[in-house]
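Here is the structure we will look at.
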Amino acid sequence: MARLDFPKDFVWGTATASYQIEGAAKEGGRGPSIWDTFSHTPGKVVGGDTGDVACDSYHRYEEDIALLKKLGVKAYRFSIAWPRIYPQGTGELNQEGLDYYSRVVDALIAAGIEPCATLYHWDLPQALQDQGGWANRSTIDAFVRYAETVFQAFDGKIKQWITFNETWCVSFLSNTLGIHAPGLKDLQLGVTVAHHCLVAHGLTVQKFRALGIKGEIGTTHNLGWCEPYTNSPEDVEAARRSRAWGNEWFMDPTFKGTYPQFLVEWFKTKGAEVPIQPGDMETIAQKIDFIGINFYTGNYGRYKKNEGLFDCEDVQVGFDRTFMDWNVYPEALYKTLKWVHEEYGDTPIYITENGACYDDTLTEDNRIHDELRTAYFRKHFIQCHRLIESGVPLKGYFAWSLLDNFEWAEGYRKRFGIVYTDYETLARHPKDSYYFIQKVIAESGLDA
Ligand code: IFM
């Protein structure tokens with residue numbers, strides 16, 4: 001049995017997001033977000049679930065931080081809810097919102113855990129959506145103002161900042177595929193929103209530097225890996241389009257200040273164009289201190305006319321699948337991060353999310369024997385080790401998620417936590433995967 005040791009300074013952590021765990025939707029002066037509107041619209045979320053209560057972490061954050069401490073993590077990635085800070089998106093600041101995150105941040109620091117904050121994990125103030133949301137360029141200014149407020153409030157305490165979580169989801173999943181809030185179905189809208197979020201990211205990084213905030217700033221893209229099913233030019237091109245939609249469309253502007261031209265042309269044939277204004281691309285490509293990658297799955301694709309946006313059909317090749325129906329394909333994590341390093345250089349990489357959804361059952365003695373999730377983590381840790389050995393600057397790993405939580409359009413049925421949330425009592429029960437990760441962290445490695 002081989003022993004895989006991780007560097008002693010490797011950052012082990014877990015991740016969550018505000019709307020998915022906090023609850024207290026109407027407390028502390030919080031304004032409504034697009035997710036309140038969406039989840040309260042019949043038919044949008046499985047079972048009619050909403051984030052009104054979620055895991056109630058707004059009130060139970062101390063319990064959650066105790067779980068993190070026992071787990072042994074060095075860092076905790078959470079998100080700040082914009083509508084708690086500016087209930088209407090702009091205008092009057094809500095001090096109670098800042099106070100809440102101050103309590104969380106102070107408790108983390110007291111527990112010896114580095115706070116890592118995401119500024120935007122999808123809860124756009126509804127008031128801004130009413131004016132066009134991210135499709136309206138003025139939302140960019142509102143975002144930078146909000147970012148400036150929290151930078152100044154937490155300067156010196158939060159040392160790792162992420163501007164956006166998964167810009168692909170914010171744009172295309174939400175505005176082209178209509179699956180997430182605000183639930184719109186328009187390709188041009190997706191392209192426009194993606195561009196505006198990227199510009200907002202660049203301006204926020206500029207603001208961070210101009211204010212001289214201490215610490216590091218980056219962004220998080222969700223990448224996947226689509227392999228061509230055969231070597232035929234049609235399959236190769238189809239898989240390339242599909243992959244580039246999630247990967248290069250966001251990574252190229254972030255690092256190179258360009259969009260992949262072949263996809264720009266492809267979108268044009270569908271009637272969509274990027275609304276680039278002078279200076280935008282330079283603004284987007286600000287130097288960042290790290291890149292966050294969320295990775296869950298990969299697939300095989302082959303050419304099929306009129307299949308989806310890219311004439312690319314997903315082919316089932318016999319992978320095990322999670323309860324989300326996502327392939328378990330750990331090797332794709334290796335391929336993806338290798339590609340990131342080769343294509344975009346030596347910027348430090350953090351896996352800001354990775355994890356698996358399974359249908360857990362609570363035993364009579366409150367245990368959850370989640371062997372499949374544990375196996376998923378183990379296989380991905382092995383790939384992380386391989387990446388580090390091969391010279392990829394992988395600096396940390398955040399498991400998704402600390403807790404079972406509100407899984408967006410899928411509601412509460414889909415559990416990703418390493419801690420089980422009992423939604424009746426709101427009690428938390430660590431699963432076997434929690435103890436597995438605890439051991440890996442304590443030993444700074446694992447037997448493979
Ligand atoms: O729950 C989400 C998270 O909010 C963003 N990344 C993917 C996770 C699982 O779907």
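Laboratory data are not the source of any read-out in this text; all were calculated from the coordinates shown. Please read all numbers here as calculations on a predicted model, not as lab measurements. Note that each Cβ is placed from the backbone with ideal geometry, even for glycine, and that neighbours are counted across all protein chains shown.
At a glance:
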| quantity | calculated |
| --- | --- |
| Label-reachable residues, the range 266-291, where backbone N falls under 12 Å from a point 7 Å from T347's Cα toward its Cβ | 284-291 |
| Likely footprinting exposure, W82, W225, fewest C-beta neighbours within 10 Å first | W225, W82 |
| Sequence-distant residues sharing a close amide H with C312 (under 5 Å, placed H) | K304, E307 |
| Packing-based exposure ordering (other Cβ within 10 Å, fewest first) of D235, D106, D365 | D365, D106, D235 |
| Paramagnetic reach from K74 in the range 215-233 [backbone N under 19 Å; point 7 Å along Cα→Cβ] | 215-219 |
| Gaussian network model of the chain, springs between alpha carbon atoms under 10 Å - residue of M251, M324, M281 with greatest fluctuation | M324 |
| Residue-by-residue Karplus 3J(HN,Hα) for the range 392-408, coefficients 6.51, -1.76, 1.60, Hz, glycine and proline x | 6, x, 7, 9, x, 9, 10, 6, 9, 9, 4, 10, 4, 7, 6, 8, 6 |
| Only Lys, Arg (+1) and Asp, Glu (-1) charged, at Cβ; the chain dipole about Cα centre in debye | 660 |
| Residue-by-residue Karplus 3J(HN,Hα) for the range 273-284, coefficients 6.51, -1.76, 1.60, Hz, glycine and proline x | 10, 7, x, 7, 9, x, x, 4, 5, 5, 4, 4 |
| Under the span-like rule (Cα at least 15 Å along the axis, Kyte-Doolittle mean at least -1.0), DSSP H helices of the chain | 57-71, 95-110, 138-154, 187-211, 330-344, 371-389, 432-443 |
| Ellipticity estimate at 222 nm from DSSP helix runs (n ≥ 4, -39,500 (n - 2.57)) divided over the chain, nearest 500 | -12000 deg cm²/dmol |
| Filter on K157/K379; K268/K338; K44/K185; K8/K287; K74/K395; K70/K338 - keep pairs with C-alpha separation over 24 Å | K157/K379; K268/K338; K8/K287; K70/K338 |
| Sequence of L387, L402, L309 once ranked by neighbouring C-beta atoms within 10 Å, starting from the fewest | L309, L387, L402 |
| Positive minus negative residues near F381 (Lys, Arg vs Asp, Glu; Cβ under 12 Å) | +1 |
| Fraction of beta bridges assigned by DSSP in the chain that are antiparallel (%, nearest 5) | 25 |
| Label point 7 Å beyond Cα of A210 along Cβ direction - residues of the range 129-147 with amide nitrogen under 12 Å | 141, 144-145 |
| Electrostatic dipole magnitude of the range 22-181 [Cβ: Lys, Arg +1; Asp, Glu -1; Cα centre; debye, to 20] | 380 |
| Cα-based shape type of the range 36-114, given that a ≥ b ≥ c are square roots of the gyration tensor eigenvalues and the cut on a/c is 1.5 | oblate |
| About the Cα centre, charge dipole magnitude for the range 253-352 (Lys/Arg +1, Asp/Glu -1 at Cβ), debye | 160 |
| Three-way shape call for the chain based on the alpha-carbon gyration tensor, with the a/c threshold at 1.5 | rounded |
| Added length on full extension, which subtracts the Cα-Cα distance from 0.36 nm per residue, D99 to K270 | 56.9 nm |
| Whichever aspartates and glutamates have a C-alpha closer than 20 Å to that of K69, once near sequence neighbours (fewer than 8 apart) are set aside | D9, E22, D56, D106, E114, E353, D404, D432, E443 |
| Cα gyration tensor shape for the range 259-331, rounded if a/c is under 1.5, else prolate or oblate | oblate |
| Inter-probe distance in nm under a simple model that places probes 7 Å from Cα toward Cβ, at D447 and D325 | 3.9 |
| Residue-wise HN-Hα coupling along the range 16-29, computed from phi with Karplus coefficients 6.51, -1.76, 1.60 (Hz; x: Gly, Pro) | 8, 9, 3, 5, 6, 10, 5, x, 6, 4, 10, 9, x, x |
